[in-house]
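A short write-up of the structure that comes next.
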Amino acid sequence: MLNIALPKGRLGDSVYSMLDQAGFDCPAYNDINRELVIENKKKGLRYLLVKPGDVQVYVEHHAADVGIVGKDILLETEPDVYELLDLGIGKCRMCVAAPRGFADDRSSTLRVATKYVNVAKHYYSERNRDMEIIYLRGSIELGPITGLSDVIVDIVETGNTLKANDLVVIDAFKDISARFIANKSSFKFQNRIISEMVTKLGDQLEEGK
Amino acid sequence: MVNRKAKLKPAEKATLELRALYEQFGYRKYKMGKFEEYGLYASNMDFLSGDKVLTFTDLDGRLMALKPDVTLSIIKDSHADLQSSEKLYYIENVYREDREGNNFVEIEQMGLECLGNVDDYCITEVVALAVKTLKSIDKNYILEISHMSFVTELLKDLGLRYDDYVHMLNLIRSKNAPGIVKVARKIGVPEERIDDLKEIPSLFGPVKQTLKRARRLVINEEMQEGLDQLERITDVLKAMDAADNVQIDLSLVNDTNYYNGIIFKGYFEELAKHVLAGGQYDKAMTKFGRATGAIGFGLYLNEVSLLRTEEEKYDVDALMLYGAKEQIANVAKAITSLRKQGMSARAERSRPKGLKCRKIYRLKDGVLTEKK
């Protein structure tokens, strides 16, 4: 049995249709209600529907053999897994954003609001910038508006939310998209099916280009 | 009926069996102190699997650490030279960071090291012992072997900055072929070399086949020799009854400042993470001013203990209850008679909470009756 951790929501739906097309279907997916586990016994597949930010946890701990997760979450949590494919969907960019007209005052500590604590720390330590993290779970854009922080570090898809809140991107430093990951042990013991999955998904990506 | 034996956990069983195995090959048990001066780790951070060390100030003011690693202490204390080698094994606790829990944890580790004149036989023996180690614990294992020079030589003349080099090694470790291509293009690696680099993640599998595929990527003598050595060693494993489930994975690469030559990792099908890791660390020896080679491996007993075992239905076969006025000679006699029947038996005045027992007996005035 191959366990696949799929993020709940829009990204999960797009990924499922790719897997479906590749022959890793699970008919129960289409009329899913509140189930968290669905199976295709004949093909030996079990889909686990998990919170997007938890996919890598399931995979690293072997509760799932493979999974699909955003690169932003991989950068933040650095799990010990194989990252086998860039699925090219769920695209966005990891950015530093600030109110229009913001000028960085290097004589004082920079206050950074983010939910990507490790990513932000890493970004500023590379630039040797003294900073303070303000951890938020969502609506990060409120940080600079309320004076809670000077800038934010967050993922930006269309930029509409930033615009609506009068923020601009200062530096877009990382391309983000959905990645196909595998547990290192599973990759060795269930290599045939995982490799087949990677090849077929890879072929779809080639065709789509 | 035979009296039941103590039920050993997988990690306990492993420790017993493996000590015998290592001693059969002439390895000696090595016991060391719990603490080490912090300086040893501060100057060798890259050798450790994490960068957190549990420190304290000793009564004389020295900054000490609870060992996060055993190998560094062994290297430091070693008297091995090219004429006189040391073969030893250890069972020690190490203290490391648990990233998810954000705290320190105690990890029981068993390991084996060979220091001195490390030749091909010596390497083969250690790899064979790693295979036998895995096999004795669970038959669903895989040992993957790699050679450090394969990746390091491929990256050597690309003129990578240190940051890019480390980044590239991480991409290779996570088999991230798309990432390798992207970064290599950004750095300006020639296209034909990018084709080679992106092959590395897929160079894994059965020994002969994988080595054959890998040979197409050879660009210099060091790489050639690395693959030849892998072939020589894996060829001999069979003679040592240790060739089963051995695979090559050339995307396996350790820290380049300490390791060189043959490296390997062991996995169990049931477990999430590798349970065994090891390799040649001549470079680490050089750092400590030792002009000799070394190879060894560690087995993480805390991971091994996660292997599923049959759950015990009962804590004890027979629970025997006796009253306050019972003569203790009668209690002793009754317990002995129950044990003679092959049961484990526990004498109590009243039934302990949560104790699972198969049968309950009552002892009154020396007469034993089973309670239905």
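Output the residue which, of all residues in the range B:299-309 that are among the hydrophobic types (A, V, I, L, M, F, W, C) and in contact (Cβ under 8 Å) with a residue 40 or more places away in the chain, is nearest to residue B:110 (Cα to Cα). Let's see the steps before the verdict.
Of the residues in the range B:299-309, the ones among the hydrophobic types (A, V, I, L, M, F, W, C) are B:299, B:301, B:304, B:306-307.
Now narrow it down to the ones that are in contact (Cβ under 8 Å) with a residue 40 or more places away in the chain: B:299, B:301, B:304, B:307.
Details: B:299: 5, B:301: 7, B:304: 11, B:307: 16 Å.
Residue satisfying both the conditions and the ranking: B:299.
Tally up the residues in the range B:168-180 that are within 13 Å of chain A (Cβ to nearest Cβ), outside any loop (DSSP other than H, G, I, E, B) and either over 13 Å from residue A:83 (Cβ atoms) or touching a residue at least 24 places away in the same chain (Cβ under 8 Å) (or both), please.
Adding up the residues that qualify gives 3.
Given the criteria basic (Lys, Arg) and open to solvent by less than 80 Å² (accessible area, probe 1.4 Å), does residue A:129 qualify?
Values: basic (Lys, Arg): yes; open to solvent by less than 80 Å² (accessible area, probe 1.4 Å): yes.
Here the answer is yes, as residue A:129 does meet what is asked.
Could you say which residue among B:144, B:191 is among the charged types (D, E, K, R) and within 14 Å of chain A (Cβ to nearest Cβ)? So that I can check it myself, show each step before the final result.
Values: B:191 fails: within 14 Å of chain A (Cβ to nearest Cβ).
Being among the charged types (D, E, K, R) and within 14 Å of chain A (Cβ to nearest Cβ) holds for just one of B:144, B:191, which is B:144.
Take the range A:140-155 and flag every residue that is open to solvent by less than 80 Å² (accessible area, probe 1.4 Å), out of contact with any helix residue (DSSP H, G or I) (no Cβ under 6 Å at 6 or more places or on another chain) and either part of a strand (DSSP E or B) or among the polar types (S, T, N, Q) (or both).
A:151, A:154, listed by residue number.
Only strands (runs of 3 or more DSSP E) wholly contained in the range B:231-282 count here; list those with 1 or more residues that are closer than 17 Å to residue B:204 by Cα and polar (S, T, N, Q).
Qualifying strands (runs of 3 or more DSSP E): B:246-249.
Sort through B:358, B:346 and tell me the only one that's more than 25 Å from the chain's Cα centre (by Cα) and surrounded by 14 or more Cβ atoms within 10 Å (Cβ to Cβ).
Selected residue: B:346, the only one of B:358, B:346 that is more than 25 Å from the chain's Cα centre (by Cα) and surrounded by 14 or more Cβ atoms within 10 Å (Cβ to Cβ).
Can you tell me which residues in the range B:310-342 are touching a residue at least 60 places away in the same chain (Cβ under 8 Å) and open to solvent by less than 90 Å² (accessible area, probe 1.4 Å)?
B:312, B:317, B:342, listed by residue number.
Which one of A:112, A:119 is more than 15 Å from the chain's Cα centre (by Cα), touching a residue at least 40 places away in the same chain (Cβ under 8 Å) and closer than 15 Å to residue A:152 by Cβ?
A:112
Please enumerate the residues belonging to the range B:58-77 that are small (Gly, Ala, Ser), open to solvent by less than 50 Å² (accessible area, probe 1.4 Å) and farther than 19 Å from residue B:29 by Cβ.
B:65
In contact with a Gly (Cβ under 9 Å, 6 or more places away or on another chain) and closer than 30 Å to residue B:74 by Cβ: is that true of residue B:292 in this structure?
Yes: the conditions hold for residue B:292.
Check B:221, B:231 and return the single one that is closer than 28 Å to residue B:46 by Cβ and assigned by TED's automatic domain parsing to the domain that holds residue B:21.
Details: B:231 fails: closer than 28 Å to residue B:46 by Cβ.
Going through B:221, B:231 in turn, the sole match is B:221.
Taking the range B:272-299 on its own, how many of its residues are open to solvent by 10 Å² or more (accessible area, probe 1.4 Å) and within 14 Å of chain A (Cβ to nearest Cβ)?
Adding up the residues that qualify gives 4.
Counting residues that are under 17 Å from the mean Cα position of the chain (by Cα) and surrounded by fewer than 20 Cβ atoms within 10 Å (Cβ to Cβ), which strands (runs of 3 or more DSSP E) fully inside the range A:1-89 reach at least 2?
Once the strands (runs of 3 or more DSSP E) in the range A:1-89 are filtered for at least 2 residues that are under 17 Å from the mean Cα position of the chain (by Cα) and surrounded by fewer than 20 Cβ atoms within 10 Å (Cβ to Cβ), what remains is A:45-50.
The values are calculated or read from the model by the stated rules, or taken from the named source; none is laboratory data. All values reported here derive from a predicted model rather than from experimental measurement. Cβ atoms come from the backbone with ideal geometry, glycine included; neighbour counts cover every protein chain shown. Quick note on the areas: whole protein, heavy atoms, side chains included, nothing else; ligands and nucleic acids left out. Shrake-Rupley method; radii C 1.70, N 1.55, O 1.52, S 1.80 Å.
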